[in-house]
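The values are calculated or read from the model by the stated rules, or taken from the named source; none is laboratory data. The shown structure was predicted, so the numbers you read here are calculated from the model rather than taken from an experiment. All Cβ positions, even for glycine, are placed from backbone atoms using ideal geometry, and neighbour counts span all protein chains on display. We work out accessible area using only protein heavy atoms, side chains counted, and drop any ligands, DNA or RNA first. Shrake-Rupley method; radii C 1.70, N 1.55, O 1.52, S 1.80 Å.
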Amino acid sequence: MSDELAAEIEAANAELADKTPQEIMKWAMDRFGDKIALAWSGAEDVAVVDIMAKVDPKARVFTLDTGRLNPETYDVIDRVRDKYNMNIEVMFPNSDDTEAMVREQGMNLFYKSVDNRKLCCKTRKVQPLRRQLATLDAWVTGLRADQAVTRTALKVVEIDEAFGGIVKVNPLARWSHEDVWNYIKENEVPYNELHDNGYPSIGCAPCTRKVAEGEDIRAGRWWWESPETKECGLHVKEK
Ligand code: SF4
């Protein structure tokens, strides 16, 4: 990362900190053109798809098919594709790495240890993401600061050291869970039906369960782990 880019991003972050997600994405898409894309993974992200498509119908969106997703997740990928007339870029894990992992550790290795869970997330999510990000100058996420103890310091625009110094744009950083859902409903954005059935946060099928009323919205993700380890490596620097 050059000093020039670091200074530009620091200035942009200060300028955009209180702007709307629409204003943030206008800045980002003007700045990075077809070298910026949204990594679409959760509920928040469908709001970003809508925002980006309204800034520019040619907005790029990609998603990671880990091979362990719920049928409802595949369904919403196609509904978004149809509504926005958008060729969603679906990234798959490397087949050799996935076959070796499953051969050595089993299909449901993630329940056995945090290390095994991280290995699975790395193979099925982080490596395909890394492959896609290597082709981009900036990526967009639906992260919010209030989602998890691991995300409280989230900035609107930042340099993502975990992925080689690429720029990372988080237009919903200051939004609440309620803001996101108000936007989705008001704009009739397609969303994953599991959200209506007790799943506020959705990942892979074997690693996501329903949450009880009043429970933390991420309590159903990797529910057998402590909150401090609950990141898949997409949004934290690998050690
Ligand atoms: S969320 Fe679970 S199944 Fe999905 S990649 Fe991570 S450990 Fe594997």
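GNM remark for the chain: springs join alpha carbons under 10 Å apart, and the peak mean-square fluctuation among D18, D50, D137 falls on D18.
Tell me the per residue accessible area of the chain using a 1.4 Å probe; a whole number in Å² is fine. Roughly 49 Å² per residue, with all protein chains present. Toward the positive end of the charge dipole of the range 161-209, with +1 on the Cβ of Lys and Arg and -1 on the Cβ of Asp and Glu, the farthest Cα among I166, S176, G198 is that of I166. Taking the chain as the reference, fit the longest principal axis to its C-alpha atoms, fit the long axis of helix 3-16 to the helix C-alpha atoms, and give the angle between the two in degrees, 0 to 90, nearest 10. For 3-16 against the chain, the angle is about 80 degrees. Considering helices alone, the calculated mean residue ellipticity of the chain at 222 nm is -11500 deg cm²/dmol, with DSSP H runs of length four and up weighted by -39500 (n - 2.57) and normalised per residue. Here the chain carries DSSP beta bridges of which approximately 30% are antiparallel, counting only pairs with both residues inside.
Tell me, what % of the accessible area of the range 3-198 is carbon and sulfur with a 1.4 angstrom probe? Carbon with sulfur: 47 percent of the solvent-accessible area. Amide H contacts under 5 Å for V140: A37, L38, A39, V169, restricted to partners 5 or more places along the chain or on a different chain, H placed in the peptide plane at 1.01 Å from N. Largest accessible area first, the residues Y74, Y84 order themselves as Y74, Y84 under a 1.4 Å probe with ligands, DNA and RNA left out. Residues whose amide H lies under 5 Å from that of R221, counting only those 5 or more places away or on a different chain, are R209; hydrogens are built 1.01 Å from N in the peptide plane.
In this Cβ point-charge picture (+1 for Lys and Arg, -1 for Asp and Glu), the chain has a dipole of about 600 debye about its Cα centre.
For the chain, the longest principal axis of the alpha carbon atoms and the long axis of helix 71-84 meet at an angle near 20°. Summing Lys and Arg as +1 and Asp and Glu as -1 over all other residues whose Cβ lies under 14 Å from the Cβ of P71 gives a net charge of -3.
Rolling a 1.4 Å probe over the protein heavy atoms leaves V169 with an accessible area of roughly 0 Å².
Residues K19, K54, ordered by accessible area of protein heavy atoms at a 1.4 angstrom probe radius and largest first, appear as K54, K19. Compared with the dominant Cα axis of the chain, that is its longest principal axis, helix 43-55 is turned about 30°.
Taking all protein chains together, R81, R60 sort by accessible area into R81, R60, largest first [probe 1.4 Å].
Within the listed set G106, G33, G214, the residue fluctuating most in the Gaussian network model of the chain (springs between alpha-carbon atoms under 10 angstrom) is G214.
Diffusion coefficient of the range 3-198 by Stokes-Einstein, Kirkwood radius over Cα pairs, 10 °C, 1.306 mPa s: 90 µm²/s.
How would you classify the range 92-219 from its alpha-carbon gyration tensor, with a ≥ b ≥ c the square roots of the eigenvalues: rounded for a/c under 1.5, else prolate if a/b is greater than b/c, otherwise oblate? Oblate. Only lysine pairs 8 or more places apart, or on different chains, with alpha-carbon atoms under 25 angstrom apart are counted in the range 57-198, and they number 14.
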